[in-house]
1. Calculate the radius of gyration of the Cα atoms of the chain to one decimal place, then report Dmax, the largest Cα-Cα distance, as a whole number, both in Å.
2. Can you give me the angle between helix 76-94 and the longest principal axis of the chain, using Cα atoms only, in degrees from 0 to 90, rounded to the nearest 10?
3. For the chain, with the dipole built from +1 on Lys and Arg beta-carbon atoms and -1 on Asp and Glu ones, taken about the Cα centre, which of THR66, PRO231, ALA87 lies farthest toward the positive end?
4. Ignoring ligands, DNA and RNA, what accessible area per residue does the chain give at 1.4 Å, in Å²?
5. Given R₀ = 35 Å, what would the calculated FRET efficiency be for SER24 paired with PHE223, taking r from the Cβ atoms and rounding to 0.05?
6. At 7 Å along Cα-to-Cβ for each site, give me the label-to-label distance between ASP167 and GLU75 in nm.
7. Ignoring ligands, DNA and RNA, what percent of the accessible area of the range 1-156 is carbon or sulfur (1.4 Å)?
8. Under a point-charge model restricted to the Cβ atoms of Lys and Arg (+1) and Asp and Glu (-1), what is the dipole moment magnitude of the range 17-148 relative to its Cα centre, in debye to the nearest 20?
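The values are calculated or read from the model by the stated rules, or taken from the named source; none is laboratory data. Source: prediction; values computed, not measured. As a convention, Cβ positions derive from the backbone with ideal geometry for all residues, glycine included, and neighbour counts pool all protein chains shown. SASA here: full protein model, heavy atoms, side chains in, ligands and nucleic acids out. Shrake-Rupley method; radii C 1.70, N 1.55, O 1.52, S 1.80 Å.
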Amino acid sequence: MSVLLPRIGRPEVDAILDRLADLSVAEIAAEMPAAEISPTYSPVGGIRADASFMQELRGKVSALATELGYPTTREQAGLHAFDTDCAYLLHQELGITPHEAGHREVWACLTAGHLLDVAAWRWGGIRDRNRANGDVNRDTFRRLWWRIELLHDPQTPWDGLGGLGEDEIVAIMERPGVTGNPEVARAIVRAFMAKLAEDPSLNGFRMHLMRDAMKRLTRLTPFLVLDVLAPSEVEAVMSGLMNEASAAVSGSPMEFGADRGRV
């Protein structure tokens, strides 16, 4: 049976952040779990995660962060490794459904109420409150869980999210109107990785390749309903877009869709 996580509302989140956001990582850690938490739960749908569950989860996330520099050291490689490893950890340990994971209050409780110190370490502080208030795109841990839900593809020969850079992941994840369907999101990644394998010279500007392809895909959506296409058709669309994008970012003539022009 799936798990129901504790939830807190905006007033509680604001109270926690008002009190703790400006403290050091060590000072915030001493306050976890936050005293302001008075959780509610969904009335149906699973087993409630109690205090011991949340404490155990905190221990696992904190241990992972400690291996990568928490609480004092922040190196780019370590932060990227934390995002990747923590994404898998959360998806495996939480045991929640996409419906549960779609509620802002769930992530607000987890991030602000139980893991605010780790979030502060990850970002070098909580200057942007959306990093800890359950925001759909920017909450520290919400964004990680959804990366696995949408992008992890066990059918690929490369190492899941380890094959994507941060900017490339963001280019996909912050367009839910286009990539909310996991099969579409994974097809984008497969086409992207295949293009890089086909032409290694594109690795020098792979971020631009992904951005260009996503712009082209966004322009297609008023005319093409990807959700009703067969998997082979989705793969063909993504492959064509990557060919167009690679031609554009490398400055060569367009191979496909010249009538649609450059982005």
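1. Calculated on Cα positions, Rg and Dmax stand at 20.1, 61 Å.
2. Approximately 70 degrees, to the nearest 10.
3. PRO231
4. Working: 12220 Å² over 263 residues.
Heavy-atom accessible area per residue stands at 46 Å².
5. Values: r = 52 Å, r/R0 = 1.49.
Here the calculated transfer efficiency is 0.10.
6. Here the modelled spin labels are 2.3 nm apart.
7. Working: 3640 of 6990 Å².
C and S fraction of accessible area: 52 percent.
8. Values: 14 positive and 18 negative charges, 63 e Å.
Taking the Cα centre of the range 17-148 as origin, the dipole is about 300 debye.
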